[in-house]
1. For a Förster distance of 22 Å, can you work out the FRET efficiency between the beta-carbons of residue C:25 and residue C:141, rounded to the nearest 0.05?
2. Using 0.36 nm per residue of separation minus the Cα-Cα distance, give me the extension gain between residue C:194 and residue C:54 in nm, one decimal.
3. Take every residue in peptide C:55-63, count the Cβ atoms of other chains within 10 Å of its Cβ, and give the average of those counts.
4. Between the range D:23-42 and the range C:18-91, how far is it from one alpha carbon centroid to the other, in angstrom?
5. What average number of partner chain Cβ atoms lie no more than 10 Å from the Cβ of the residues making up B:194-207?
6. For the range A:161-210 and the range B:162-210, compute the distance between their C-alpha centroids and round to whole Å.
7. Quick check on the range D:22-64: what does the Kirkwood estimate of hydrodynamic radius come out to from the alpha carbon pairs, in Å?
8. Is there a simple number for the mean count of other chain Cβ atoms within 10 Å of the Cβ of residues in C:174-181, and what is it?
DNA sequence: GATGAATGAGACTTCATTCAT
DNA sequence: GATGAATGAAGTCTCATTCAT
């Protein structure tokens, strides 16, 4: 006990990070993200989240009004983070497909969380209110819109052939999801490099023989 | 009890003539397909299915042990039909991408039912048992496997450049879903021709400038 | 099975009345009336009602949408019955106070149920929606309005001295409640005759010395 | 323990000067009285009381073991105050009905608090334990007993005709409640004078025509 | 002593499944 | 065999009470 005082001076900050001051809000958000990701919206129970978060059931309700609000929080976090990652990874000096590869590599570092976002965005039926539905779709829109902007610039620079930017961005996102998330449901997971490689293979050159 | 048999003969026939004693099993399957398609697995209630099918709730349980088995039946039917449609549409004399377009056009004629299949295949989280999950995935495997076979042949004939048939088939299916089903969640739906056209645009030629 | 047919002809109706065909709706209404009466609205639980009624919890919801609707049913029944009793008991040929006594005697035969109504009418705070509140007050209004009509006629006939009929009716109802229901909470219950007698004593002659 | 007395003298005064160290107990009691009065027993939450009292929720539990005990305190205070008011208002030299009017006028000055008492005394069902029930009834007993004493003396003096004092007092209290509290639930509220006037009208002379 | 974040028992309600008719 | 009334497990949310700070 006493000796801990000696080195604790420098460690105070760190020790806070270690454990003693448990951040229940974070615990809950992490647990909810995990549960929503694994079981979806309906099949996720507040009891379950509480158990995973290792908190009392009522504790969740001190931070979030109800299940839907908790869900919204998870979604919003995801959108923000995805935007941030994408923005940080883009380098205007690089070629389009190179930028795309870099962004994807970065995104894949957070693959698990994204998997949640992607899965959830497909479960819109489960959430009753149009507002919630709207909230979910906005995530996809945000990402697609961002990629579409990059596509437009790439067309202008002549890096890719003329095409509808919005749909091209949509197709890219879906293909990315397919390779990074859905493929491994039934096959061996792909390395980050492989995902980027395949995406480029299919989208850049096409299947027509040379 | 006994006397009722005497006059019931005439009534039975008559009632059969009037109300062809519609095949209750089919009624239930159709109703379930519609409900699962519209609301998803969890949000579909046995009460609702019974009401749509115009049968008693208990009747469902004379044909299917439980909700999950009913769901499985729907999935199996869908796989079979998709295979049949694909086989009927293929003409070995045609070019690969032409065959692909034809198959897709046919599949799109049943778009609504497929939408169900596609949606449901993404709702696997909702179903607890690994068995059910397995059952769902087998549908995708069946379709992907079929397309992969076509891809292999197309490579041999030199119609498309060498590539991994399995993954190429997987990518094709996902892109098809994206264009035919998911796109319209947030945008104007595409005509059958448009879906085929875009699929070819992105997969055949790629985005690299000429 | 077969022999039952012989005697069942005459007994069918009766046997239904005896027991075998348990009327669950009535069971539930009776149980709810008892529970609401004893514990009030909030403190009455659906679990409790189910237990008293000896039915499953879910059964209640096959007859009533929710707790509030169940409550409304009880209230409506009470209003109807009170009106019916009052109307049956009035004889235009009798003197006012004699009619009052008769009506009260009849009402007292259903004392227990009325106790419920009276108690509940005082628990309006517990029920959230203004509609429910309105529904409760309408019961008192109905009874007071009815008595007020009788009072007006009695004044015209010169049987009682001029007074405001509405308030007089209100006072009479409250005094009746006080004697028949509330008195016994803290004292020996009164006989029907006694209630009628005291009501007449206080309301007819007053306390001024002769 | 002892030393705290020494310095506490100076501190107490000082701290009282700064933030009069408002008497937290009183704050809580006032808040609880208000909430119980407005919402009833069940619908009053400890959170709500704490908020109204402007203290921490836990602070309530340093003064009262639980919700029921807090409730009891409110009731006891009310009984005492009602007794005090009644005793102060009685003048042995006045006639009975005049005394009654004066007492009522005084009581009506505290109408709001009394309303609480009266309402609560009717919500006994809400409180589970027989002890609490007992505690509530004692309030009514106290008031009725007090009036009964006055009635007895009035009979002796020949101011009112012979009658059972206990029941007469009971009827008077109920009629007072009816006029002062319950009438305004469904009608225009009465002035203090009117309440006294009507009470005298009905109880003194009765409805028999002259 | 004061505080309020944390807790979990318990309330209402839904719905898959059973079983008597 | 067909039916749907009946059931109770399970889900969401509230709130009295505790306890570490």
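Where a number appears in this text, it was derived from the coordinates with a stated rule and is not lab data. Just so it is clear, the model here is predicted, and its values are computed rather than measured. So basically every Cβ, Gly included, is an ideal-geometry build from the backbone, and we count neighbours across all protein chains shown.
1. Computed FRET efficiency for residue C:25 and residue C:141 comes out at 0.20.
2. Working it through step by step, the gained length comes to 46.7 nm.
3. 0
4. 34
5. 5
6. 11
7. Over the range D:22-64, the inverse of the mean reciprocal pair distance is 10.0 Å.
8. 3
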